Amino acid sequence: MDYRFALIGYPIGHSLSPWIHQQFLAKTNLTGLYTLEEMEPNQFERNFATVKSKNYSGFNVTLPFKQTIIPFLDGLDSHAKAIGAVNTVKNDQGNLIGYNTDGIGYLRSLESAYPNLIENKDKRVLILGAGGAARAIYYALSHGGFQTIDIANRSLDNAQKLVSIKASETTTRILSLLEAEQELSTYDLIIQTTSIGMKPNVNEMPMPLTNVKHTAIISDIIYQPIWTKFLKAGAIKGVNLHFGHTMLLYQAQYAFEIWTGNKPLMNDMETKLKQLLEG
Ligand code: NDP
């Protein structure tokens, strides 16, 4: 069978997804093609009808359509439903089913780098940011059993909106970025999900790491650049680091698995993607 995958979004000219999924096809000895379906936001309904008629095996969805697409699908898995956003669609015999692989992808990438952490669900977690990616990660960590997950965000209202999707065993406090900075020494895992520090604003970071404890893990989901100012500050403090390009790979791995039933091995992928991103 020749698989046909696509990415829907705008703009997507620089997307790494075609490269990642072509690697996965080769690794799993499958054949297929991954193409870009860039579409203007103001014509979504008409453009999506065209994409649908092409009968793709599956496709990824990125900004600005992760929520727009939901009414056009035939069903949603539990993660996508709770998160309220779709980044992967599977064509199941003509039925389009929406998934969100960001949260599970993040967990897998964390587990790959720090296998013991996932076993210790009493570790204290702080998420910086409350946007779409934070929502997916918060859902996955909370329903994955983590008991303390606090959220710090510029807008406290936006942070408060996340709390309704948590598992009942998880406790969450909403903090300002300043409060979080003052309490930084109490956290074992600090996950940076805001867009602060993303290209071209590479000299910015959400807060200094003066108060971080030396055993903590600093995780930044930004992957352009791979070495954000936040991670560089973590390296100077000598803490453990977790990189955004690994989340990008593992969310793609889970999407590929949903489409094909095959889980590609990741052995050399992190190094290859790192080389690609660092040009
Ligand atoms: P959203 O636009 O949904 O959320 C942005 C978040 O950043 C909000 O919490 C927002 O706060 C905060 N923020 C933005 N600018 C500032 C600022 N100047 N000061 C303080 N807070 C700010 O974005 P996403 O969640 O979709 O993406 C966030 C980042 O994660 C991006 O850099 C994206 O590239 C990356 N990402 C990486 C993935 C990976 O696979 N590695 C996957 C998905 C995203 P507020 O609520 O107050 O506006």
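The values are calculated or read from the model by the stated rules, or taken from the named source; none is laboratory data. Predicted, not measured: the structure shown is a model, and the values here were computed from it. A quick note on method: Cβ atoms are made from the backbone with ideal geometry, for glycine too, and the neighbour counts reach across all protein chains shown.
Observations on the structure shown:
- Selection within segment 116-158 - away from the ligand (no atom under 16 Å from the Cβ), at pLDDT 95 or above and more than 14 Å from E169 (Cβ to Cβ): R124
- Filtering T62, T50 for residues that are more than 16 Å from the chain's Cα centre (by Cα) and either away from the ligand (no atom under 13 Å from the Cβ) or at pLDDT 95 or above (or both) leaves a single hit, T50.
- Among the residues making up segment 98-115, those that are assigned to a helix (DSSP H, G or I), of a type outside the set (D, E, K, R) and more than 9 Å from the ligand (Cβ to nearest atom) are G103, I104, L107, L110, S112, A113, P115.
- Qualifying positions in segment 204-223 - within 13 Å of the ligand (Cβ to nearest atom) and either within 17 Å of G244 (Cβ to Cβ) or surrounded by fewer than 17 Cβ atoms within 10 Å (Cβ to Cβ) (or both): E204, M205, P206, S219, D220, I221, I222, Y223
- In segment 187-203, the residue that is nearest to L128 (Cα to Cα) out of those that are among the aliphatic types (A, V, I, L, M) and more than 12 Å from the ligand (Cβ to nearest atom) is I190.
- Checking G84 against (1) more than 23 Å from T246 (Cα to Cα); (2) without any contact (Cβ under 8 Å) to a residue 40 or more places away in the chain; (3) within 16 Å of the chain's Cα centre (by Cα), the condition it does not meet: (2)
- Summed over segment 257-278, the residues that are part of a loop (DSSP other than H, G, I, E, B), farther than 23 Å from I222 by Cβ and among the hydrophobic types (A, V, I, L, M, F, W, C) give a count of 1.
- Residue in segment 233-240 that is within 16 Å of the ligand (Cβ to nearest atom), crowded, with 21+ Cβ neighbours inside 10 Å and modelled with pLDDT of 95 or more present: no
- Single unsatisfied condition, Q22 versus (1) free of Cβ contacts under 8 Å to residues at least 40 places away in the same chain; (2) part of a helix (DSSP H, G or I); (3) buried (at least 16 other Cβ atoms within 10 Å of the Cβ): (3)
- Among all residues of segment 166-186, there is none that is within 18 Å of the chain's Cα centre (by Cα) and within 16 Å of the ligand (Cβ to nearest atom).
- Looking across segment 145-194, just one residue is among the small types (G, A, S), out of contact with any helix residue (DSSP H, G or I) (no Cβ under 9 Å at 6 or more places or on another chain) and surrounded by 15 or more Cβ atoms within 10 Å (Cβ to Cβ), and that is A180.
- For segment 118-139, taking the residues that are assigned to a helix (DSSP H, G or I) and in contact (Cβ under 8 Å) with a residue 40 or more places away in the chain, the one that is farthest from the chain's Cα centre (by Cα) is identified as Y139.
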